[in-house]
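Inspection log for the structure reproduced underneath, given as structure tokens.
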Amino acid sequence: MADFFAKIWAWIESTHVREQVADVDYVGLFSNPWFMVPFVALVFYLLYKQAFRDLIIISSFVGVWWVSGTEYMHTLVIGDELQISKILPVLFGGAALLGFLIYMLFGRSD
């Protein structure tokens, strides 16, 4: 089983997905009409269908992506040392967001 996961991890590393996600130009992405037109259409469609749960989930993913690129996140690890005083708010914030999303998906009735 470990060999299976090692092959999957080697494939992910060979595609350089992590570097591509880290190097995304978000200013260019959100000013590109080929991205913005379908994204805005999706938001308006979800508003029309009153799918607020889906809008909250999408906005939380966009928010987490935005927060992961801030200067605060870049200073979580200095050298080879993890800054515990900075990681705890990220940990508790992520746990709270995950709990909220689980509640939105499974705890609420539509």
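The values are calculated or read from the model by the stated rules, or taken from the named source; none is laboratory data. Please read these numbers as outputs of a predicted model, since none were measured by experiment. Glycine also receives a Cβ, built like all others from the backbone with ideal geometry; neighbour counts cover every protein chain displayed. Accessible surface areas use protein heavy atoms only, side chains included; no ligands, DNA or RNA. Shrake-Rupley method; radii C 1.70, N 1.55, O 1.52, S 1.80 Å.
When only the heavy atoms of the protein chains count and the probe is 1.4 Å, how do Ser60, Ser68 rank by accessible area, highest first?
So, going from the largest accessible area down, we get Ser68, Ser60.
Given a Förster distance of 22 Å, report the FRET efficiency between Glu81 and Tyr26 from their Cβ-Cβ distance, rounded to the nearest 0.05.
The formula returns an efficiency of 0.20 here.
Determine the dipole magnitude for the range 18-110: charges of +1 sit on the beta-carbon of Lys and Arg, -1 on that of Asp and Glu, nothing else is charged, the reference point is the Cα centre, and the result goes in debye to the nearest 20.
Details: 5 positive and 8 negative charges, 95 e Å.
The calculated dipole for the range 18-110 is roughly 460 debye.
What share of all Cα pairs of the range 1-85, in percent, falls into each consecutive 10 Å distance bin?
13, 27, 32, 22, 5
Please give the FRET efficiency for Trp9 paired with Phe52, using the beta carbon to beta carbon distance and R0 = 35 Å, rounded to the nearest 0.05.
So the FRET efficiency works out to roughly 0.40.
When the helix-only estimate is applied to the chain (DSSP H runs of n ≥ 4, each -39,500 (n - 2.57), divided by the residue count), what is the mean residue ellipticity at 222 nm, nearest 500 deg cm²/dmol?
So the helix-based figure for the chain works out to -22500 deg cm²/dmol.
At 7 Å along Cα-to-Cβ for each site, give me the label-to-label distance between Trp65 and Tyr103 in nm.
2.6
Can you tell which of Met73, Ile102, Ile87 lies farthest toward the positive end of the dipole of the chain, using +1 and -1 charges on the Cβ of basic and acidic side chains (Lys, Arg; Asp, Glu)?
Checking the options against the dipole of the chain, the answer is Ile102.
Mind checking the per residue accessible area of the chain for me, 1.4 Å probe, whole number of Å²?
The answer is 82 Å² per residue.
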